[in-house]
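Dropping the structure in here first, questions after.
The values are calculated or read from the model by the stated rules, or taken from the named source; none is laboratory data. Note that the structure is predicted; figures quoted are calculated from it, not measured. No Cβ is skipped: glycine too gets one built from the backbone with ideal geometry, and neighbour counts run over all protein chains shown. Surface areas here come from the heavy atoms of the whole protein model, side chains and all, with no ligands, DNA or RNA. Shrake-Rupley method; radii C 1.70, N 1.55, O 1.52, S 1.80 Å.
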Amino acid sequence: MCGVAARAGVGKSFLLASIAHNLAAGGVGVGVLSLEMPGVEWAERQVAIGLDVAQERVEEMARARELGTAAVPVLERMRHTLWIDEHVRLGDIPAVCQLFRERLGKVPLRALLVDYLGLLGVIGKDAYERASALGRELKNLAK
């Protein structure tokens, strides 16, 4: 289990997408909970990382109808990466992992990436209690 914390706009989501890209090279299953960014934006970022271009270039390629062919190697690499961009509560994670496992079939789920923990629904009267519950429960899930 690893957590990354930083101010907004410094690249945490990009780092997570880069981690997903590198995990995918190993052919293992990766689940992504994109609670902040819509799935379409996550996919665009993932393609940009895979093609080693700026996200704006991916948009240009899409408008020019060049993206389909260019994205094939990225899509092939990411074939065992699944994501959800809907609201998820902490208590939903076991069911989400089971859903990912079912969809992956024989490919083992080896990583669950959450972007970002602040949107993972958890009960607590203050930030300290919520952060403690998140840490404790995620560690239990990881075990």
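Hey, what's the chain come to in accessible area per residue, 1.4 Å probe, Å²?
62 Å²
Determine the sum of side-chain charges near G39: Lys and Arg each +1, Asp and Glu each -1, restricted to other residues whose C-beta is under 11 angstrom from that of G39.
Net of charged neighbours comes to -3.
Ignoring ligands and nucleic acids, what accessible area does E129 show with a 1.4 Å probe (Å², nearest 10)?
80 Å²
Just one of (i) 15.1; (ii) 15.7; (iii) 16.1 is Kirkwood radius over Cα pairs in Å calculated from these coordinates, so which is it?
The value matching this structure is (iii).
Within segment 79-99, what residues put their amide N at less than 18 Å from the label point 7 Å along the Cα-to-Cβ vector of E129?
90-91
Relative contact order of the chain: what whole-number percent is it, with Cα pairs under 8 angstrom and at least 6 residues apart?
It rounds to 34 percent for the chain.
Show me the ranking of peptides 43-53, 90-100, 133-143 by mean Cβ neighbours inside 10 Å, starting with the highest.
43-53, 90-100, 133-143
A further question follows. Take a quick pass over the chain and tell me how many lysine pairs come in under 26 angstrom between Cα atoms, counting only ones 8 or more apart or on separate chains.
Close lysine pairs found across the chain: 5.
If you add up the charges near G121, with Lys and Arg at +1 and Asp and Glu at -1, over every other residue whose beta carbon is less than 9 angstrom from its beta carbon, what do you get?
Net charge around G121: 0.
Right, next: Once neighbouring chains are kept in place and the probe is 1.4 Å, which whole percent of the accessible area of the chain is contributed by carbon and sulfur?
Answer for the chain is 54 percent, counting heavy atoms of protein chains only.
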